[in-house]
Amino acid sequence: MPIELLIQALLNGFGLAVVYILVALGLTLIFSILEIINFAHGEFYMLGGYVAYYAVAVGGLNYPATLALAALVVGATGIAAERLVFRRLRGKTLNAFIVSLGLLWVLQASAQLGFGVLDKPVPSAVSGIVRLGSLVVSRERLVVIAAAAILIAGLYAFLKFAPMGQAMRAAAQDADAAALQGVDIEQVSMLGFGIGCGLAGVAGALLAPIFAVSPTMGALPVVKAFIIIIVGGMGSLPGAVIGGLLLGAVEGVGTLFMSSAAVNVLGFLMVIAVLLARPRGLLGAG
Amino acid sequence: MNRQRRHVGLVVLAIVAALAACPATAAERVLTVGLIGPLSGGAASYGVELQRGAEIKVDEINKGGGLKIGGDVYKIKLVAYDHKAQAAEAATATNKLVFQDKVKYIMGNAVGATCNAAQTITEPNKVMFSFVCWGTSNLAPEKPYSFRSMLSQWELTEPFYRWVKDTHPKIKRVAAISPNDTSGKDTNTAIVKALKTLGFEVAADEYYERGTKDFYPLLTKVLAQKPDMLDVAAAPAGEAGLILKQAMELGFKGAKGWTAGTNPFTIIGVAGPEASEGVWSPANINVKGDHVSAAVKKFGETYEKQYGEVPGVIAVANYAAFDVFTQAMQRAGSVETDKVLEVLTKDRFETVWGPLLIGGKETYGIDRQFLYPLVISEVRGGKVVDVAQVVPAALKKK
């Protein structure tokens with residue numbers, strides 16, 4: 001097998017993995033603070049896609065402003081969901097899991113009724129390809145990768161250095177101890193949920209011009225995100241990044257050797273292997 | 001008091017007698033007709049066209065006073081269920097139609113695997129089933145109540161690739177990509193068979209899971225085989241558009257085909273004018289083109305006025321199928337499926353396609369395939385242009 005083909009496959013895998021990492025980071029942020037597994041997370045990704053469609057294809061807004069709008073609209077929707085539904089279920093993992101499944105169907109059905117069932121294309125902001133020898137990457141995907149990487153770095157910096165980010169980490173480690181130190185757990189939960197959903201919204205908006213938008217577009221990214229956070233370790237942000245890159249590499253290279261159906265199984269085999277060998281995930285807390 | 005009671009009784013009797021004497025009211029009945037299809041998800045464009053094609057026919061019938069069958073007049077009620085292109089959901093939807101809604105006619109379905117699932121319920125219950133699914137096994141002697149109202153891969157691929165060979169002799173290597181299910185497997189099988197028969201090389205025979213959005217990994221493998229032509233075979237519009245767009249991003253500049261391209265207008269929307277430029281689709285009908293009848297043009301105008309979109313072949317096929325089945329009911333003077341089946345298999349019908357022929361025995365072992373001439377179209381500058389009309393071999397024999 002030519003080495004160029006292998007590198008191209010790795011590039012393909014990493015390219016999309018960066019965006020799925022964004023979705024996974026939101027999911028793991030929500031889990032670490034609220035102990036809620038939000039199955040409706042993919043629907044927030046879908047909402048971001050529709051914000052991009054209406055902002056760009058209908059309203060003619062530019063892309064940077066569209067990304068900010070997607071973060072705000074979807075983040076605000078996430079905050080509303082936290083205040084109205086999930087706040088009462090904090091720590092009640094099973095109840096929250098069932099409610100999030102219900103929310104998934106409600107949001108998906110609402111999107112079908114409100115936006116229609118057909119794929120809606122979103123115009124591309126940049127076109128053309130970049131050639132590095134025999135390797136090819138589209139400019140559009142490079143922009144998406146760069147934007148996603150900046151957002152991941154920004155989130156990391158926020159959690160590391162900003163007072164609210166530090167409060168979130170404290171709440172994730174031990175909510176009672178954090179509350180005793182004066183951290184407003186209610187506010188942290190609300191903002192954590194909003195930021196998590198906002199990240200999914202931005203991911204949806206980033207990929208909208210590449211994949212078009214549809215009411216069911218959130219199904220695949222949320223499955224990938226779950227694989228990523230289980231492999232990386234539930235609640236671990238660096239784990240999500242490593243899990244995402246690993247999944248991208250395995251799927252990208254795997255396609256060269258096996259059918260697409262078999263490749264889809266690879267991710268789940270990875271989950272089984274990690275859970276057997278290291279149940280808390282690669283970088284998860286014990 | 002007794003006299004008063006007698007008067008009231010007489011008035012009531014008179015009203016009952018008057019109602020009974022009113023023939024239209026007495027004999028007016030409702031015929032519930034079912035429809036299943038992918039009304040959401042990646043293949044939703046198929047289901048939506050099926051439903052709209054049926055709705056236009058139902059409107060025509062109901063606004064025209066109903067369907068006169070024997071001594072009765074039937075208003076048609078259409079009940080549609082979404083199966084999301086999944087076989088299990090299709091079985092559930094069919095069960096609901098047959099046992100809950102008590103339908104005897106299911107006029108519309110798409111995606112081969114879902115047809116097989118539905119037929120496990122329709123055939124034993126003698127429910128007439130018309131569909132546009134592309135599974136070879138969907139038509140068989142043991143499935144006498146099933147009809148395909150649209151040309152399938154077995155009628156289309158050979159004449160299409162014969163045309164490619166005659167008009168573009170530089171194309172030697174063809175890669176086919178389809179969804180990994182019955183429709184996709186059967187379509188690629190038919191394409192590979194046609195390619196080999198006609199002397200082409202098969203550069204790739206690949207499959208993807210429905211719902212896939214990122215085709216870079218698959219295309220990297222396919223394009224490494226240096227195909228002269230890429231056929232997005234049985235991919236529905238949304239996925240076919242993404243494949244072509246991403247193939248262009250990866251530098252593919254060869255010819256493009258869409259064997260199951262039921263509505264080329266939809267692929268322009270998803271792939272954009274640049275990536276869809278030059279796509280040939282042989283399965284479609286251009287309702288605005290020169291090769292279609294005045295009836296098809298009129299149907300296209302009604303559809304566009306009602307739904308704001310240009311219909312593809314699935315909408316026309318389901319409209320025509322509805323027409324054929326209702327004509328057969330009228331000729332049989334009954335809605336009983338066995339009586340209607342007898343008429344369907346013996347008579348000829350005038351439809352928007354022109355005089356409709358039902359054949360296919362050579363391929364499927366039973367004549368249940370609607371046959372009509374096909375039009376090959378090409379996308380040029382964001383528009384759909386008819387480039388040739390070809391006749392399937394089965395139709396030539398008829």
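The values are calculated or read from the model by the stated rules, or taken from the named source; none is laboratory data. Small disclaimer: the values here were computed from a predicted structure and weren't measured. Ideal geometry is used to build each Cβ from the backbone, glycine not excepted, and the neighbour counts take in all protein chains shown.
Taking the condition of being under 16 Å from B:Gly300 (Cα atoms) and within 14 Å of another protein chain (Cβ to nearest Cβ), how many residues in the stretch B:47-79 meet it?
Counting residues in the stretch B:47-79 that are under 16 Å from B:Gly300 (Cα atoms) and within 14 Å of another protein chain (Cβ to nearest Cβ) gives 5.
Which residues, taken from the stretch B:302-312, are exposed (fewer than 14 other Cβ atoms within 10 Å of the Cβ) and more than 14 Å from B:Glu60 (Cα to Cα)? Break it down stepwise before answering.
The first filter runs over the stretch B:302-312 and keeps only residues exposed (fewer than 14 other Cβ atoms within 10 Å of the Cβ), leaving B:305-306, B:308.
The answer is B:Lys305, B:Gly308.
Quick check on my filter: what residues within the stretch B:247-272 are of a type outside the set (A, V, I, L, M, F, W, C), surrounded by fewer than 24 Cβ atoms within 10 Å (Cβ to Cβ) and within 12 Å of chain A (Cβ to nearest Cβ)?
B:Glu249, B:Gly251, B:Lys253, B:Gly269, B:Gly272
Whether any residue in the stretch B:183-203 is at the interface with chain A (Cβ under 10 Å from one of its Cβ atoms) and surrounded by fewer than 19 Cβ atoms within 10 Å (Cβ to Cβ) is what I want to check.
No: the stretch B:183-203 contains no residue that is at the interface with chain A (Cβ under 10 Å from one of its Cβ atoms) and surrounded by fewer than 19 Cβ atoms within 10 Å (Cβ to Cβ).
Looking only at the stretch A:162-186, count how many residues are within 21 Å of A:Leu199 (Cβ to Cβ) and assigned to a loop (DSSP other than H, G, I, E, B).
Summing the residues that are within 21 Å of A:Leu199 (Cβ to Cβ) and assigned to a loop (DSSP other than H, G, I, E, B) in the stretch A:162-186 gives 1.
Among the residues of the stretch A:26-35, is there at least one that is of a type in the set (Gly, Ala, Ser) and surrounded by fewer than 24 Cβ atoms within 10 Å (Cβ to Cβ)?
For the stretch A:26-35, residues of a type in the set (Gly, Ala, Ser) and surrounded by fewer than 24 Cβ atoms within 10 Å (Cβ to Cβ): present.
If only one of B:Ala315, B:Ala332, B:Ala275 is within 14 Å of another protein chain (Cβ to nearest Cβ) and over 30 Å from A:Ser127 (Cβ atoms), which one is it?
Sole residue among the options that is within 14 Å of another protein chain (Cβ to nearest Cβ) and over 30 Å from A:Ser127 (Cβ atoms): B:Ala315.
Working only within the stretch B:96-142, note down all residues that are more than 15 Å from the chain's Cα centre (by Cα) and in a loop (DSSP other than H, G, I, E, B).
Matches in the stretch B:96-142: B:Asp101, B:Lys102, B:Val103, B:Lys104, B:Glu123, B:Pro124, B:Asn125, B:Lys126, B:Val127, B:Ala140, B:Pro141, B:Glu142.
Restricting to the stretch A:254-268, give me the number of residues that are facing chain B (nearest Cβ under 7 Å) and either in a helix (DSSP H, G or I) or at pLDDT 85 or above (or both).
Residues in the stretch A:254-268 being facing chain B (nearest Cβ under 7 Å) and either in a helix (DSSP H, G or I) or at pLDDT 85 or above (or both): 5 in total.
Here is a check on your reading of the model: is B:Ala235 among the small types (Gly, Ala, Ser), within 14 Å of another protein chain (Cβ to nearest Cβ) and within 24 Å of A:Leu11 (Cα to Cα)?
No, not satisfied.
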